[in-house]
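The values are calculated or read from the model by the stated rules, or taken from the named source; none is laboratory data. Quantities reported herein were computed from a predicted structural model and do not represent experimental measurements. Note that each Cβ is placed from the backbone with ideal geometry, even for glycine, and that neighbours are counted across all protein chains shown. The area values use the complete protein model at the heavy-atom level, side chains included, leaving out ligands, DNA and RNA. Shrake-Rupley method; radii C 1.70, N 1.55, O 1.52, S 1.80 Å.
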Amino acid sequence: MKVNTDFLVIGSGIAGLSYALKVAGSGSVAIITKREISETATNLAQGGIASVCAANDSFDAHVEDTMVAGAFLSNEEVVRLVVEGGPRAIEDLIAWGVQFTRNSDNSYDLTREGGHSQRRILHAADITGREVERALIEAVRKHPNIAVYEHHIAVDLITEGKVTRRRIRPDRCLGAYILDIGSNEVVTFGARFTILATGGAGKVYLYTCNPDVATGDGVAMAYRAGATIANMEFMQFHPTTLYHAHAKSFLVSEAVRGEGAILRRRDGTAFMEQYHPLKDLAPRDIVARAIDNEMKIHGDDCVFLDMTHREADYIRDRFPNIYETCLGYGIDMTTTPLPVVPAAHYLCGGVKVDHWGESDIANLYAIGEVSCTGLHGANRLASNSLLEGVVFGARAAMRTLERLGDVAETFPAIGPWDSGSATNSDEEVVVAHNWDEIRLCMWNYVGIVRSNKRLVRALRRIQMIQEEISDYYWDFYVTSDLIELRNIATVAELIVRCALERRESRGLHYTIDFPETDDLHWKRDTIIRKSF
Ligand code: SIN
């Protein structure tokens, strides 16, 4: 089966949906999403979206906070264009129906999070992402030019080089092979523009607050197709996820610390003042590393996030979702400090793109967490990610609309997916074992504190698993589990290779072998490309 479309959007979080809404007036849009449309990291975002709104705030201050949090690896030009695009992005979201929390005088309530010098985060109680996703899905569903393909997963990108079996530089993207999970058929999607909006890769680690869909599909596919990938060593660990046997790393928003919560040891001592002048509101890399250190030196399984000094009514009203969820696990946060641990949260690296979201494969764009735009540098500032998704969604829309007339409507003959001599597998358990092995290996050897020895060990194991996956991949029909396994293995390999390459510590990459920051040699991106 073959589908042709003008704009193929892979992923249904804030970046993909906002892009789709911007271009749908000018052509046909197909949105591909692996599960239900709302099953995205956006949907789980609690904190909010950073944008300069208050009279005492300024673009310069937001730029400075982003640069500091990013350990000065961010591209200042990109930081400025995202920060200055904030007010327009908020207007767009409001126009699409997003309802942010307001104060009694009808002004928008602004909260604070780590690394921000001002209150500048718009939010919808503590379920900002759910509200954004709700509004965007409603708008998308109403649009006659947008077709949504749920339970469809991208297998691989289709490029001119692949179709013609020639080495073409720069190559050109022509669409993607997409597995319809329901029918098990691989459908060929031809597209004038292909937009990766596949989100992050937290599932590469054993403990993550990301949804199950975060398997790095976009990065892995773009890498296989020959696109440049950058800064994969910078995986952000969120400092505070609930430590509870059944909580599956439930996120406790940084806004809780923004509104006064304090991190304490088991004996009740506050410890962040020993690590940073901003104490509990230090940038995330510093807080996560401090918690990791505290747990190691005291032999504890977790630390405690204490908000019991704030009025119970305030907590219930400001953080209804966190309050109810923790209560469901038997912990009343109005009276009891929450046990918390860090967990994998956000990939700062990804598919390297220009100021318009375009990769170095023509007509292939990457927006949102899958991309590396230069905004986050070595560590993302809290609540800058939803902002980046909308700003780059709009920029990619602007560029693709400008170029629509130049890109042919007819596609070269793209052959159907070739499943060769593949047969049905009766060994699905092998996929599950490989998956577990990668995630455990990444957690143990490529976590918050790294060393060369551990990274080399991790790389060896991952490469062995990749060999097994490769045999498996060509011998059996593809399934969504197998596609995701291949992708997490690729992303794990890229993280380790970038981490090994960076011979310094900066932001989220901390190695005991090179504990200092080395601006002279390493104030630059780590670049990685597939050799063909
Ligand atoms: C949070 O609510 O702490 C997450 C916000 C973010 O990652 O930007």
Exercise for review: Note down the nm distance, to one decimal, between modelled labels 7 Å out along Cα→Cβ at residue 512 and at residue 404.
Suggested key: 5.7 nm
Revision key, fill the gap. Expressed in square angstrom to the nearest 10, the accessible area of residue 398 with a 1.4 Å probe stands at 100 Å²
Check your understanding: So how far apart, in nm, are the two label points at residue 274 and residue 68 if each is 7 Å from Cα heading toward Cβ?
Key -> 2.3 nm
Review point. For the chain, what's the relative contact order in percent, using C-alpha pairs closer than 8 Å and at least 6 residues apart?
Key: 21 percent
Review point. Applying the Karplus parametrisation 6.51 cos²θ - 1.76 cosθ + 1.60 with θ = phi - 60° to the phi angles of region 20-32, what ³J(HN,Hα) value in whole Hz is obtained for each residue in order, glycine and proline being reported as x?
Key: 4, 5, 6, 9, 4, x, 10, x, 7, 10, 10, 9, 9
Exercise for review: Please report, as a whole percent, how much of the solvent-accessible surface of the chain comes from carbon and sulfur atoms (probe radius 1.4 Å).
Suggested key: 49 percent
Check your understanding: Can you run phi through the Karplus equation (6.51, -1.76, 1.60; θ = phi - 60°) for region 326-334 and list ³J(HN,Hα) in whole Hz, with x for Gly and Pro?
Key -> 5, 4, x, 8, x, 10, 9, 6, 7
Practice item. Evaluate the relative contact order of region 138-283 (contact order divided by residue number), counting alpha-carbon pairs under 8 angstrom at least 6 apart; express in whole percent. Key: 13 percent
Revision key, fill the gap. With the convex hull built on the alpha-carbon atoms of region 460-532, volume per residue in Å³ sits at 115 Å³
Exercise for review: Scan the chain and report its longest stretch carrying no trypsin sites (Lys or Arg not before Pro) that are both in a DSSP loop and have at most 11 other Cβ atoms within 10 Å.
Suggested key: 168-523
Point to revise | Rounded accessible area per residue of region 242-294, 1.4 Å, Å² | key: 41 Å²
Review point. Which lysines have a Cα lying under 26 Å from the Cα of residue 296, excluding residues fewer than 8 positions away in the same chain?
Key: 203, 248, 279, 453
Exercise for review: Before rounding to the nearest 500, sum -39500 (n - 2.57) across all DSSP H runs of length at least 4 in the chain and divide by the residue total; then give [θ] at 222 nm in deg cm²/dmol.
Suggested key: -11500 deg cm²/dmol
Point to revise | chymotrypsin sites (Phe, Trp or Tyr not before Pro) restricted to DSSP loop in region 312-365 with at most 16 other C-beta within 10 Å | key: 329
Exercise for review: Rank these by accessible area, largest first, 1.4 Å probe: 183, 371.
Suggested key: 183, 371
Review point. To the nearest Å, what is the center-to-center distance of region 436-472 and region 84-157, using C-alpha atoms only?
Key: 36 Å
**Study point:** Residue-by-residue Karplus 3J(HN,Hα) for region 381-395, coefficients 6.51, -1.76, 1.60, Hz, glycine and proline x
**Key:** 6, 3, 6, 8, 7, 5, 4, 4, x, 6, 5, 6, x, 5, 5
Exercise for review: Before anything else, pin down the relative contact order of region 230-340: Cα pairs under 8 Å, at least 6 apart, normalised by residue count, whole percent.
Suggested key: 29 percent
**Study point:** Low-density loop positions, GluC sites (Glu not before Pro), region 286-382 - DSSP coil, at most 14 other Cβ in 10 Å
**Key:** 311
Review point. Looking at this model, which pairs from 22/530; 34/530; 142/352; 352/523 are more than 22 angstrom apart at the alpha-carbon?
Key: 22/530; 34/530; 142/352
Point to revise | Dipole moment magnitude, nearest 20 debye, region 1-58 about Cα centre, only Lys, Arg, Asp, Glu C-beta charged | key: 220 debye
